[in-house]
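The values are calculated or read from the model by the stated rules, or taken from the named source; none is laboratory data. What you are looking at is a predicted structure, and each value in this text was computed from that prediction instead of being measured. Cβ: placed from backbone, ideal geometry, glycine included. Neighbour counts: every protein chain shown.
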Ligand SMILES: Nc1ncnc2c1ncn2[C@@H]1O[C@H](COP(=O)(O)OP(=O)(O)OP(=O)(O)O)[C@@H](O)[C@H]1O
Ligand SMILES: [Mg+2]
């Protein structure tokens with residue numbers, strides 16, 4: 001276990017370097033995450049976008065050490081967590097169920113899952129779960145914690161919060177349970193919130209309400225967020241920085257403005273074209289042509305070349321593009337810019 005007191009940059013909260021995750025399956029080895037690097041600063045929102053299977057969930061589950069046993073994290077991968085007190089913790093070196101990892105999972109990093117059902121305790125009321133989280137992380141009385149819990153439930157769009165607070169998770173509908181779970185996670189007041197497609201199953205009004213609540217908490221507590229979605233349109237509303245993932249790799253990274261206004265990678269450009277626009281609802285969506293290759297048969301060269309309209313034959317299919325800077329904050333992996 002590596003806990004030092006050295007601190008290089010006080011603003012950096014999380015640093016992921018060359019993260020590689022593979023799965024051993026009966027059909028062969030699936031390389032789900034293929035050497036991604038990124039960092040998250042305090043109070044910042046990093047958006048991760050990409051189509052299904054690009055490795056968004058696997059990357060963030062690696063951060064929380066919540067991967068199944070069949071997952072192998074490469075020994076050269078590093079995930080460094082910088083605590084507020086200056087301690088740095090190398091997450092890949094921690095024991096899954098050990099004290100340090102529990103401390104991180106129990107409040108320092110909060111995660112809202114794509115599948116909400118799994119993480120609720122069936123034996124405690126919704127309210128008690130929030131109250132416990134509040135009491136563990138804030139200096140308030142039990143009565144105040146209960147009021148915060150009711151307010152939290154109200155803020156995530158649960159009607160009748162003063163009644164719901166005493167109910168159990170099985171008494172709530174799926175959508176409400178999702179929102180209650182968001183309330184529990186947010187009331188831990190984490191330094192980093194990982195939100196994995198937190199709103200896709202919710203209706204548009206509630207989605208907006210939850211994004212608003214996340215923004216509010218970000219400002220109030222300087223919370224950092226990793227926000228995962230398929231939809232670059234949602235990213236535009238919430239993220240400072242964006243990483244675009246495809247087949248386990250980050251193809252482009254930049255500020256949200258750069259990615260939305262000056263997308264460089266053909267993949268990012270196609271994702272932007274695929275955003276459903278309210279003023280275009282009658283028209284057909286421009287989906288990205290071609291199929292995502294099977295993770296068991298990763299294409300050589302640039303992973304996107306099999307679907308790229310601008311692919312250069314003999315180059316993109318055989319060589320791996322290196323990182324090209326577009327600006328101080330904007331980088332792309334693509335031969336069109338090398
Ligand atoms: N337990 C597992 N066993 C084998 N392969 C897995 C496992 N979990 C994920 N994978 C594979 O890893 C790759 C990345 O999956 P991941 O769930 O991270 O994608 P994602 O970007 O989150 O997609 P989505 O948008 O659908 O949630 C996929 O090819 C997936 O099939
Ligand atoms: Mg996912």
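Points worth noting:
- Taken over the range 142-181, the criterion of being outside any helix (DSSP H, G or I) and touching a helix residue (DSSP H, G or I) at 6+ places or on another chain (Cβ under 8 Å) is satisfied by 156, 157, 158, 165, 166, 167, 168, 172.
- Counted as qualifying within the range 182-279 are the helices (runs of 4 or more DSSP H) with 2 or more residues that are within 16 Å of ligand 1 (Cβ to nearest atom), namely 232-238, 266-273.
- Residue that is modelled with pLDDT of 95 or more and part of a loop (DSSP other than H, G, I, E, B), where the choices are 286, 329: 329
- Residue match in the range 156-164 (condition: under 16 Å from the mean Cα position of the chain (by Cα), buried (at least 16 other Cβ atoms within 10 Å of the Cβ) and more than 21 Å from residue 40 (Cα to Cα)): no
- Meets criteria (within 25 Å of residue 155 (Cα to Cα), more than 16 Å from ligand 2 (Cβ to nearest atom) and buried (at least 23 other Cβ atoms within 10 Å of the Cβ)) for residue 239: yes
- When we screen 188, 176, 152 for residues that are surrounded by 18 or more Cβ atoms within 10 Å (Cβ to Cβ) and in contact with a strand residue (DSSP E or B) (Cβ under 8 Å, 6 or more places away or on another chain), the only hit is 188.
- The range 32-72 - residue that is over 13 Å from the mean Cα position of the chain (by Cα), closer than 18 Å to residue 242 by Cβ and in a strand (DSSP E or B) and, of those, farthest from ligand 1 (Cβ to nearest atom): 41
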